[in-house]
1. Among the complete DSSP H segments of the chain, which ones combine at least 18 Å of alpha-carbon extent along their axis with a mean Kyte-Doolittle hydropathy of -1.0 or more?
2. With a point put 7 Å past each Cα toward its Cβ, work out how far Asp66 is from Gln184 in nm, to one decimal.
3. List the longest stretch of the chain that has no exposed loop site; here a site is one of the GluC sites (Glu not before Pro) assigned by DSSP to anything other than H, G, I, E or B, with at most 13 other Cβ within 10 Å.
4. Looking at the calculated P(r) for the stretch 127-259, what percent of the C-alpha pair distances fall above 22 Å?
5. From zero up to wherever the largest Cα-Cα distance of the stretch 12-83 sits, split into 10 Å bins and tell me the percent of pairs in each.
6. Of the heavy-atom accessible surface of the chain (probe 1.4 angstrom), what whole percent is carbon and sulfur?
7. Over the stretch 103-176, what relative contact order in percent results from Cα pairs under 8 Å that are six or more residues apart?
8. Add -39500 (n - 2.57) for each DSSP H run of 4 or more in the chain, then divide by its residues: what number comes out at 222 nm, to the nearest 500 deg cm²/dmol?
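The values are calculated or read from the model by the stated rules, or taken from the named source; none is laboratory data. Model, not experiment: these values are computed from the prediction. A quick note on method: Cβ atoms are made from the backbone with ideal geometry, for glycine too, and the neighbour counts reach across all protein chains shown. Please note that ligands, DNA and RNA were not included when accessible areas were found on the heavy atoms of the full protein model with its side chains. Shrake-Rupley method; radii C 1.70, N 1.55, O 1.52, S 1.80 Å.
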Amino acid sequence: MAREPSTIVTVAGHDVAISNPSKVLFPEAGYTKLDLANYYLAVADGALRGAGGRPNMLKRYPNGIDADFFYQKRAPESRPPWIDVVTIRFPSGRTADEVVPRDAASLLWIANLGCLELHPHPVRADDLDHPDELRVDLDPVPGVKWPQVREVARCVRVTLHELGLTGWPKTSGSLGVHVYVRIQRKWTFDEVRKAALALAREVERRMPKLATSKWWKEERRGVFIDYNQNAKDRTIAGAYSVRPRPDARVSAPVTWDELDICDAEEFTLHTMPARFTAVGDRHRDIDNFAGSLERLLELSARQEKSGLADAPWPPHYKKHEGEPARVTPSRRRKPPRARKAQ
């Protein structure tokens, strides 16, 4: 059987070959590899605002969403000379050259690898040690409905505003909401994570029945505010990412007013290009609102003084000072019972 010829897309001064363009990546919806490439071409300006100029981990679905996928931190050695990379160092001490998209052509090249999503780190390629973004990941536990996620997101917005910060919401493309906060590039990854933990605990304090900062799943309720998404080497699906769901749902930047009335399934690979043409990127002004973490870190200090120590880190990170035991509460050793007097 003859191999299908590649489709050549000329964009940003480069010819990008889309191999196997009719390969179906979304069997239920019927969307192909070329459909994915055309999607990223249509939303390139917004996608680059979220992922451009940053190292990106690759999450590849070479045979579509119903087949195996894999993560790839290192950029393929066989790549065009116009694909930029930057060397990043992981908490393990290892290094890797990760792809840094700079233009629409690089987005299409990434899509041709079978990458449905963009996974940018919260740092710019010219300063890998100081994040310019704090990420609030609202992840509902099973059974929690969309209206409750939106309610927690609104509390996040108010809390950020009181602390002098601006939140920019987007649907996660799955069941949750992401709120991005541009920050000045003055703080380390550990400090940004500490600020995110303080924010999560404050939102939990304000709505204890709806939100939680508890790391262990057995302790969670409502909507989990995943502070650990701000630890070094963690990424989440970036703005306009196509998620591996049957309807090819996307992670859609929205206004706060839109978040109050929208449903996440409205935004798909099929519907987003027309929306983007009509309203543009809802996060177009995000870079004009880089705020300070000083008040969040002051809140963290007050929380620590009241007895709230560090919270658990992900399993593969080194043990941090003040961190509680990395064992689920139900498995922690209980003190022996006192013997009754004979």
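1. 146-162, 189-206
2. Here the modelled spin labels are 5.3 nm apart.
3. Value returned for the longest uninterrupted segment is 78-320.
4. 33
5. Computed distribution, short to long bins: 16, 43, 38, 3.
6. Reported share for carbon and sulfur atoms: 50 percent.
7. 22
8. Values: 8 runs with 88 residues, N = 342.
Helix-only estimate at 222 nm: -8000 deg cm²/dmol.
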